[in-house]
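Okay, so here's the structure we're looking at.
The values are calculated or read from the model by the stated rules, or taken from the named source; none is laboratory data. Quick caveat: nothing in here was measured; it's all calculated off a predicted structure. Using ideal geometry, Cβ is built from the backbone for each residue, glycine included, and neighbour counts are taken over all protein chains shown. Side chains are part of the model used for accessible areas, which takes the heavy atoms of the whole protein and leaves out ligands, DNA and RNA. Shrake-Rupley method; radii C 1.70, N 1.55, O 1.52, S 1.80 Å.
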Amino acid sequence: MLYHLLLQTVKTQQSAGVSPGQPHLLLYHLDVSKDVEKAVNDLSQEARGGSLYVIADEAVLEYKEQKFQTFCKKLLARVPRLHLWAASYFHGYAPDGWQVEYLTRPLRSPPVVVREVEKDARITKGDVKPYRERGVSDHTDGPPVTRLYHRGQGHSGVWPVDCITCGREVASFLHSLRVGVTENITATSTTVTFTSRYTTPTCLQWRDVLVLYWRDDCDNTDMVTVLQEAGIPVRVMTDDDIEDVATARSDVVWVADERRVRGLERKVVVCVNDNVALSFRLHWISRCTSQLVIVSLDD
């Protein structure tokens, strides 16, 4: 997402007659030693004795992993004029002497979603800094969280993702939000109604909806099949779809392993939780900017 935002900026500047530099997207597994060495070598060669600007997004994926510190120290030794910005959920792993800022204002999600995220064990245990006050007033609490349960008569399969009834309930709820419905409205008066930021969004498109699961091999699951039969354009995300998902180019509902979409936002997020996913609340629910749906085995 950062890469594509930079590309848009570059194109805008070029159309105005400015000749800026070109952004480069480099992907490394910085929890793997050989990738750390490759990253240091590649970036130091690009610097060629000059300045180097690096943005490292979600740098520390595993909070006990300290190879990122090694990366920072080695790169600084090779490139003295280094400017590096790194972001991570977890704290306490920046190299000694590096400036640290804690950005903990909950600006992404409405209060009702923030309260769900705050229950995550990694926040309550201190691995992730807790939220602080937003600093601005909340006009509403946000749409209530919708909870669907994989239990009772009519439910089948061990997990919600394998249940026809759960799929139908999700499809029914999405249709109740009138996702994908385009309405022609004729103005008959001068009255204007303003909708609060945290009400259920109107004029939703399918691209505004994200279904999260804890693995990516769910192409043939009953939930995906039922959603498709209900007229919902559903696609299961693969490696080849990363750019499409990040830019929301296709007007479809993406079903994704939550590890693939950390950092992205969607207005409506459906979390299909089988109570086996780690950091379910921190990584999944925090994607939601308005309407949250949780499908689970129990409370």
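Given (1) within 23 Å of A248 (Cβ to Cβ); (2) out of contact with any helix residue (DSSP H, G or I) (no Cβ under 8 Å at 6 or more places or on another chain); (3) open to solvent by 100 Å² or more (accessible area, probe 1.4 Å), where does Y53 come up short, assuming only one miss?
Of the numbered conditions (1) within 23 Å of A248 (Cβ to Cβ); (2) out of contact with any helix residue (DSSP H, G or I) (no Cβ under 8 Å at 6 or more places or on another chain); (3) open to solvent by 100 Å² or more (accessible area, probe 1.4 Å), the odd one out for Y53 is (1).
With respect to S172, determine if the residue is modelled with pLDDT of 85 or more, under 26 Å from the mean Cα position of the chain (by Cα) and not acidic (D, E).
On the way: modelled with pLDDT of 85 or more: yes; under 26 Å from the mean Cα position of the chain (by Cα): yes; not acidic (D, E): yes.
Taking the combined requirement at face value, the residue satisfies it.
Identify the residue in segment 61-111 that is open to solvent by 30 Å² or more (accessible area, probe 1.4 Å), assigned to a loop (DSSP other than H, G, I, E, B) and of a type in the set (S, T, Y) and, among all such residues, is farthest from K34 (Cα to Cα).
Ranking the qualifying residues of segment 61-111, first place goes to Y102.
How do the pairs read when you match residues in segment 154-174 that are within 16 Å of P233 (Cα to Cα) with residues anywhere that are crowded, with 24+ Cβ neighbours inside 10 Å and basic (K, R), using Cβ under 9 Å and keeping only pairs 6 or more apart or on different chains?
Cβ pairs passing all conditions: none.
It is to be established whether one or more residues within segment 257-279 are in contact with a Cys (Cβ under 6 Å, 6 or more places away or on another chain), within 24 Å of P130 (Cβ to Cβ) and either open to solvent by 30 Å² or more (accessible area, probe 1.4 Å) or in contact (Cβ under 8 Å) with a residue 40 or more places away in the chain (or both).
From segment 257-279, those in contact with a Cys (Cβ under 6 Å, 6 or more places away or on another chain) are 269; that's our starting set.
Applying the additional criterion that residues be within 24 Å of P130 (Cβ to Cβ) yields 269.
Checking the rest, the ones that are also either open to solvent by 30 Å² or more (accessible area, probe 1.4 Å) or in contact (Cβ under 8 Å) with a residue 40 or more places away in the chain (or both) come to 269.
Yes, segment 257-279 has at least one match.
Which condition number in (1) of a type in the set (D, E, K, R); (2) at pLDDT below 90; (3) exposed (fewer than 13 other Cβ atoms within 10 Å of the Cβ) is the one that D138 fails?
Tallying (1) of a type in the set (D, E, K, R); (2) at pLDDT below 90; (3) exposed (fewer than 13 other Cβ atoms within 10 Å of the Cβ), D138 fails exactly one: (3).
Inspect all residues belonging to segment 127-134 and state whether any of them is more than 19 Å from V270 (Cα to Cα), aliphatic (A, V, I, L, M) and open to solvent by 70 Å² or more (accessible area, probe 1.4 Å).
No, every residue in segment 127-134 fails to be more than 19 Å from V270 (Cα to Cα), aliphatic (A, V, I, L, M) and open to solvent by 70 Å² or more (accessible area, probe 1.4 Å).
Please tell me if R48 is in contact with a Gly (Cβ under 7 Å, 6 or more places away or on another chain) and open to solvent by 50 Å² or more (accessible area, probe 1.4 Å).
no
Report yes if L76 is modelled with pLDDT of 90 or more and touching an Asp or Glu at 6+ places or on another chain (Cβ under 7 Å), otherwise no.
Numbers: modelled with pLDDT of 90 or more: yes; touching an Asp or Glu at 6+ places or on another chain (Cβ under 7 Å): no.
Judged against the criteria, L76 is not a match.
Would you be able to tell me the number of residues in segment 26-39 that are open to solvent by 100 Å² or more (accessible area, probe 1.4 Å), of a type in the set (A, V, I, L, M, F, W, C) and not in a loop (DSSP other than H, G, I, E, B)?
Final tally of qualifying residues: 0.
Check segment 11-25 and report whether any residue there is surrounded by 13 or more Cβ atoms within 10 Å (Cβ to Cβ), hydrophobic (A, V, I, L, M, F, W, C) and under 28 Å from the mean Cα position of the chain (by Cα).
Among the residues of segment 11-25, not one is surrounded by 13 or more Cβ atoms within 10 Å (Cβ to Cβ), hydrophobic (A, V, I, L, M, F, W, C) and under 28 Å from the mean Cα position of the chain (by Cα), which makes the answer no.
Only one of G180, G152 is assigned to a loop (DSSP other than H, G, I, E, B), at pLDDT below 90 and closer than 13 Å to S296 by Cα. Can you tell me which? Give the derivation first.
Numbers: G180 fails: closer than 13 Å to S296 by Cα.
Just a single option satisfies the conditions, and that option is G152.
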